[in-house]
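Only the coordinates and a few stated rules stand behind these numbers; no lab work does. Since the model is a prediction, treat every value here as computed from it, not as a measurement. No Cβ is skipped: glycine too gets one built from the backbone with ideal geometry, and neighbour counts run over all protein chains shown.
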Amino acid sequence: MSAGAGAFVSPIAPIPQGNDNATISLAMGIATWLFHISAPFLCFTGCLAPITTVIGVVFGHLGLRDSRGLNGLKRGEAIIGLILNYLSVAAYAILILGGGALIAGIGFGLG
């Protein structure tokens, strides 16, 4: 062996960082609103929208948490996903409260 030869050291390859939770949240937020828009035309999408909303909120919070450890990577996607999904939650709350008020109003009208 020559004096300059040493043990082979493989170069350190950077590991690509990703924030898949933020991307999933954004995708679920977009899917939720597409389901809301297409609900009058395709009945099954109205049943899928609440599921995608819950998944989007959960993954949005996970993506926001992960972005702190990744120097803000895809933080914007997580925030937009959360906004879209929480707007859907607000729409459901308005529908439920409005429906309850309507039913209560009809009940008082009959009495």
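Please identify every one of the chymotrypsin sites (Phe, Trp or Tyr not before Pro) in segment 13-46 that sits in a loop by DSSP and has no more than 13 other beta carbons within 10 Å of its own beta carbon.
F41
Normalised by the residues of the chain, what does the relative contact order come to in percent, with Cα pairs under 8 Å and at least six apart?
Relative contact order comes out at 31 percent.
Using just the helices of the chain, give the 222 nm mean residue ellipticity in deg cm²/dmol: DSSP H runs with n ≥ 4 each add -39,500 (n - 2.57), and the total is spread over all residues, rounded to 500.
That calculation yields -26500 deg cm²/dmol at 222 nm.
Taking the Cβ of each residue in I79, I96 as the centre, tally the other Cβ atoms inside 10 Å and list the residues starting with the fewest.
I96, I79
The list [x] 25, 17, 12; [y] 38, 18, 11; [z] 51, 14, 9 gives values of semi-axes √(5λ) of the Cα gyration tensor in Å, and only one came from this structure; which label was calculated from it?
Here the calculated entry is [z].
Taking the chain as a Gaussian network, Cα atoms linked when under 10 Å apart, which of L97, L84, L73 shows the biggest mean-square fluctuation?
L97
Grab the Cα-Cα distance for A91 and V9, subtract it from 0.36 nm times how many residues apart they are, and report the gain in nm with one decimal.
The span from A91 to V9 would gain 23.7 nm if fully extended.
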